[in-house]
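The values are calculated or read from the model by the stated rules, or taken from the named source; none is laboratory data. Computed from a predicted structure; not experimentally measured. Because the Cβ atoms are built from the backbone with ideal geometry, glycine has one as well, and the counts that use them run over all protein chains shown. When the accessible area is computed, the model is the full protein with side chains, heavy atoms only, and any ligands, DNA or RNA have been set aside. Shrake-Rupley method; radii C 1.70, N 1.55, O 1.52, S 1.80 Å.
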Amino acid sequence: MQIQLHDSARRRKVEFTPIDPDNVRVYVCGPTVYDLAHLGNARPVVVFDVLTRYLRRVFPRVTYARNITDVDDKINARSRETGEPISAITARTAADFHADMAALNCLPPDHEPRATETIPEMIAIIERLIANDYAYVAEGHVLFAVSAFAEYGRLSGRDPEEMLAGARVEVAPYKRNPGDFVLWKPSDSETPGWDSPWGRGRPGWHIECSAMSWKFLGEEFDIHGGGQDLLFPHHENELAQSCCAFPGSHFAHFWMHNGMLRVNGEKMSKSLGNFLTVRDILAHGAWAGEAFRLVLLRTHYRSEIDHSQERLEEARAELDDFYALLARVPAGAPLDDLDEVKSLADWALEPLADDLNTPLALARLRDLRTLANIGAVGGSATVVLGRMGRAEAPSAAVAAAALREAAGVLGLLSADPVAWRHGGDGGVDDTAEIEAAIAARLAARKARNWAEADRIRDELTMRGVVLEDGAGGTTWRRS
Ligand SMILES: [Zn+2]
């Protein structure tokens, strides 16, 4: 399977060949930890979680690094505003971020370096840049001289001259060129700082990622990911720093950028009242984390998403259908059928090789659901089999096992299907109470007390519990 990925630097899809096929290396910019993650922050985490899960299925090893930016002027400002110590803000926010991303079923990266633990590497890169004449010291600051790097602007497709002409920000007097950016800046006694050859100070944001990717992935690695909003200046500057500090290096071979997320048709903003954190979504109930993940994956990662409550509910309804099927078809397939399960799962995942086409992979999961649902008879099965290029339908157990396996690569459908159907709102667990009422209804039916049985059913309906009487007994789910 030849994987094609869209490379932002070349502005087209390119065949993906790893530098080292035995170890694919991926770096993604992580959060600056001063506030709860909002929906836009969650998108790259989910997108690159799917990418790394998929690469792990194809290649023997993947090393995934995603940083935590825990030194930043936004964090310093938050501490001044609230009086909370910086270390408390960053520790709490990082823990919240981990909990939120786990609720979206994102796996932790292999390395999660903190900027404050990578200061020596930052200083080493800055020293190399000064020695190679790409950076200069001015009034306690170290600045990168953009005019020294001929390729500057190429990643984001910007013309340096135009960028400067359009710059309306007040330019610091110590900059030789208005586009020069900070590698290191002085810290007063109130601000976090580290000793350096240029006095006590702290790093600029861009140098942090150059240092952390270098430390954990080397001078060159395969894929650098992040949101579209990071392309300029952050990624342009990372690339300039790393290529100039390590002459001959290309830094990341592929640059992948996910599109932005809007809510109710508008850019999220606190003043518009459409600003949503991941916590706001999770508050809807135990189902909401996976449903939001599905919302994200229903759109191709490079396209913009317009999120709404309706989309979340639609995703929940789709998950309900999937879990209803999985609750009926027991997990596991006969050992003889494992090759068939794998080949069906490979078919469902094939669209991911085409620049991570998750909407098409989801359509194929629906096809597997159709085959598992009807035990492969009837008109819709014929249509699905035609799409697969197969003459014979797999058994329901095989189709369901392939569905589970392929969905796992998307980070979906890994909850217990019975618990999903019973789980509901994530509030008080009244499962035992509901099951006692169902047993009482069964006893009433056995005693031919139909009025009592109906009364219990109506009472359960009122509390949002749907009973389904079948050959194997009564099952239930929340409406
Ligand atoms: Zn970064």
Notebook entry, point to check: Just one of the numbered conditions (1) within 16 Å of the ligand (Cβ to nearest atom); (2) within 18 Å of Arg78 (Cβ to Cβ) is not true of Gly193; which one?
Noted result: (1)
Check: Which of (1) within 30 Å of Ser87 (Cα to Cα); (2) buried (at least 17 other Cβ atoms within 10 Å of the Cβ); (3) not basic (Lys, Arg) is the odd one out, the single condition Ala148 does not satisfy?
Finding: (1)
Notebook entry, point to check: Limited to region 203-246, what total is found for residues that are charged (D, E, K, R) and within 10 Å of the ligand (Cβ to nearest atom)?
Noted result: 2
Notebook entry, point to check: Which residue out of Arg61, Arg114 is under 17 Å from Gly218 (Cα atoms), within 16 Å of the ligand (Cβ to nearest atom) and not aromatic (Phe, Trp, Tyr)?
Noted result: Arg114
Next item on the list: Kindly establish whether Pro31 is within 23 Å of Glu290 (Cβ to Cβ), touching a helix residue (DSSP H, G or I) at 6+ places or on another chain (Cβ under 8 Å) and within 16 Å of the ligand (Cβ to nearest atom).
Entry: yes
Notebook entry, point to check: When region 443-457 is examined, which residues are found to be closer than 17 Å to Gly473 by Cα and open to solvent by less than 80 Å² (accessible area, probe 1.4 Å)?
Noted result: Ala443, Ala444, Ala447, Ala453, Ile456, Arg457
Note to self: For region 34-52, give me the residue count where each residue is part of a helix (DSSP H, G or I) and either within 16 Å of the ligand (Cβ to nearest atom) or open to solvent by 30 Å² or more (accessible area, probe 1.4 Å) (or both).
What the structure shows: 7
Margin query: Can you tell me which of (1) over 21 Å from the mean Cα position of the chain (by Cα); (2) away from the ligand (no atom under 11 Å from the Cβ) is the one Trp255 doesn't meet?
Written below: (1)
Notebook entry, point to check: Here are Arg387, Arg404: which of them is part of a helix (DSSP H, G or I), open to solvent by 40 Å² or more (accessible area, probe 1.4 Å) and at pLDDT 95 or above?
Noted result: Arg404
Next item on the list: Please give the number of the condition Ser8 fails out of (1) more than 16 Å from the ligand (Cβ to nearest atom); (2) touching a His at 6+ places or on another chain (Cβ under 8 Å); (3) polar (S, T, N, Q).
Entry: (1)
Check: Is it true that some residue in region 57-69 is in a helix (DSSP H, G or I) and either touching a strand residue (DSSP E or B) at 6+ places or on another chain (Cβ under 6 Å) or open to solvent by 20 Å² or more (accessible area, probe 1.4 Å) (or both)?
Finding: yes
Checklist line | Qualifying residue in region 344-356 (condition: within 16 Å of Val58 (Cα to Cα), in contact (Cβ under 8 Å) with a residue 12 or more places away in the chain, out of contact with any Lys or Arg (no Cβ under 6 Å at 6 or more places or on another chain) and in a loop (DSSP other than H, G, I, E, B)) | finding: yes
Item checked: Residue match in region 101-111 (condition: within 16 Å of the ligand (Cβ to nearest atom), outside the structural domain of Asp416 (by TED's automatic domain parsing) and not in a helix (DSSP H, G or I)) -> yes
